[in-house]
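Report on the following structure.
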């Protein structure tokens, strides 16, 4: 039998008590450490894209064991939400294999990708979480919504509306999130693709915005919203409310466990185990229609570090081989617009995701911490992903490409102030919505380099 | 019989191993062998914590090791603290650059990994840390700082839409006439030195190691201010 969501809420209210500190250290950290030791898990920083089916399977088994051993934790009630193994397995068997996003001629179908799948990954453009003042929000989203290669869009966060700062849990979150959706729908009409699917309601940290936009005029049932898990393997009532909000209305639930690589799971293998467990648990706690794979680096944040790329690779392969489902993986480079490194980071990340079985989402340029993302790197993300699939890049070839690219950008992690680059209004001519010449030139040069490296079908 | 260096090595190793039981035993053994409590603190506990901090920065150690070290330090500090107090009293109150810190992720924000790392590093550096957790109302942060007679308030927000509550905290301290009593550090992914300055905080740091250095500087400055006013 499958659980009713009310059963989940009951368990969150009545499960065994444990303090959060003990959950973190005694349960998550210690259990993961033991499991990593038991399965003898290790990673090789020179093998970012792995060609080792046995390792992918072992990571999956280890993650399943962690999910079965721990369950989830409710931060709101300080209770453990326990699951029977059969419930977790049924949750995995029921994971959607296809999912229509958007409507009409603009609809696209997400599907569970395979390792080295030659079908094209879908391209979901945008930078969730990146703070935007109101005047930059529309230009930023327009810059990627206008790209023909983009299949779905998402967006950053409005941090002010009508000159007033947005505060969490404040009624202004309702206004900011509705404003965000009004802008997004307006942009979709403007680019002639009104039915394009969205991942939105990003301007409200609390559940207020999510509740306030579950309406066909704002976030349609064919769109997606985030149902995050907290670090690690935790829920709270804010996020439970988001899952509940989709129950009858039918929005697509994107589970989002941002597992911290170097955090409670320890090094990359333990973090991959926690990520696998999080996806398995989120089928039930987040009612996931698809999973967002977005591990982040403990110190550098970006998804383009070696260890985080490795985790994205192995988690996707683990699911593709053992429990196929729809995984969309995030690209959050360290660098921002108008830097060559942003393009290298984007290309490396897109290669890893595409070849190991994911769809593409991004780019949260400059760590998603500034309005320094543009449509140009989203275009490159899609082009690289399509080229990888189209020419049937192997896992070993992908690894060689990624290692070459890492040499070109890895220095950004040593830069004391990061490599934030330029804001959207400095990177694009806002009148014409075209990249400024030097940014476009950089893009062309990097594409030439990528072709010379072996991505010969890059258009 | 073991010499002083051997006792200190045992303490240091227990901290590096993150073993709370071993650190308590090693600290007790060292005290019983008449090793100077300040030497135990600096050359045993802090020396071990330094190694852990360096390994964390270099990606050799990860958050669990940092948390275990914090736990081991806490166990050792509970044993050594009374002896240190006596020792400080003998030295005329010339305590090292440590103090009492109240830490919290501010109201509406539940992100705590960064704050936890800073708290662990501060603890590992000899600060007495009162960590109030996440989503903490600013009135409670201030009330706790008053109650424990803190030197420093450290508040954190990852979310840009929660950052305004850090300004509220500073404003409330000013309104209460308590601003001079507490140094205020702010942190979070989007927090910049400009933001810290704009809201009237005393500083921010890019990472946990720099946060400890900042806390030490602020404590020194605070003690100098008090010294000046006393004179």
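Read-outs throughout are calculated quantities, based only on the coordinates presented, and are distinct from any laboratory measurement. Source: prediction; values computed, not measured. Every residue, glycine among them, receives a Cβ derived from its backbone with ideal geometry; neighbour counts consider all protein chains shown.
Values for this structure:
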quantity: Spatial separation of Cα centroids for region A:348-367 and region A:392-459, in angstrom; calculated: 13
quantity: Ascending count of other beta-carbon atoms within 10 Å, so fewest first, for A:404, A:459; calculated: A:459, A:404
quantity: Column: log10 I(q)/I(0), Debye, Cα scatterers of region A:66-174, q = 0.24 Å⁻¹; calculated: -1.17
quantity: Rounded FRET efficiency, nearest 0.05, which uses the C-beta distance separating residue A:34 from residue B:13 and R0 of 30 Å; calculated: 0.85
quantity: Ranked B:209, A:352, B:136, criterion: other C-beta atoms within 10 Å, fewest first; calculated: B:209, B:136, A:352
quantity: Principal axis dimensions, largest first and in whole angstrom, of region A:1-105 by Cα; calculated: 50, 45, 24
quantity: Calculated on alpha-carbon atoms, Rg and Dmax of region A:1-40 in Å; calculated: 14.2, 38
quantity: Two-decimal Rg to Rh for region B:100-230 - Kirkwood Rh, Cα set; calculated: 0.93
quantity: Span per principal axis, largest first, for the Cα atoms of region A:300-436 (Å); calculated: 47, 33, 23
quantity: Efficiency of FRET between residue A:322 and residue A:78 - r from beta-carbon atoms, R0 22 angstrom, step 0.05; calculated: 0.10
quantity: Whole-number Å³ per residue for the convex hull built on Cα positions in region A:363-459; calculated: 105
quantity: Three-way shape call for region B:40-162 based on the alpha-carbon gyration tensor, with the a/c threshold at 1.5; calculated: oblate
quantity: Whole-angstrom Cα spans of the protein assembly as shown along principal axes, big to small; calculated: 81, 55, 54
quantity: Distance between region A:3-45 and region A:197-244 - C-alpha centres, whole angstrom; calculated: 24
quantity: Chain A: relative contact order in percent, alpha carbon pairs under 8 Å with at least 6 residues between; calculated: 20
quantity: Residues B:12, B:74, A:34, sorted so that the one with the fewest Cβ neighbours within 10 Å comes first; calculated: A:34, B:74, B:12
quantity: Contour excess over end-to-end distance, with Cα ends at residue A:22 and residue A:118 and 0.36 nm allotted per residue; calculated: 30.1 nm
quantity: Descending semi-axes in Å of chain B, equivalent ellipsoid built from Cα gyration tensor; calculated: 32, 21, 14
quantity: Whole-angstrom gap from region A:283-299 to region B:118-146, using each part's C-alpha centre; calculated: 30
quantity: Square roots of 5 times each gyration tensor eigenvalue, C-alpha, region B:105-155, largest first, Å; calculated: 17, 16, 6
quantity: Share of alpha-carbon pairs per 10 Å distance bin for region A:344-403, given as whole %; calculated: 24, 53, 21, 2
quantity: Contact order relative to length of region A:198-291, as percent, for alpha carbon pairs under 8 angstrom and 6 or more apart; calculated: 28
quantity: Cα convex hull volume per residue for region A:98-453 (Å³); calculated: 121
quantity: Long-range tail of P(r) for region A:220-328 (Cα pairs > 17 Å, %); calculated: 50
quantity: Added length on full extension, which subtracts the Cα-Cα distance from 0.36 nm per residue, residue A:182 to residue A:444; calculated: 90.9 nm
quantity: Virtual spin-label span in nm between residue A:452 and residue B:74, 7 Å along Cα→Cβ; calculated: 5.6
quantity: FRET E, pair residue A:7, residue A:57, Förster distance 30 Å, beta-carbon r, rounded to 0.05; calculated: 0.45
quantity: Counting all C-alpha pairs of region B:4-90, share separated by more than 15 Å (%); calculated: 51
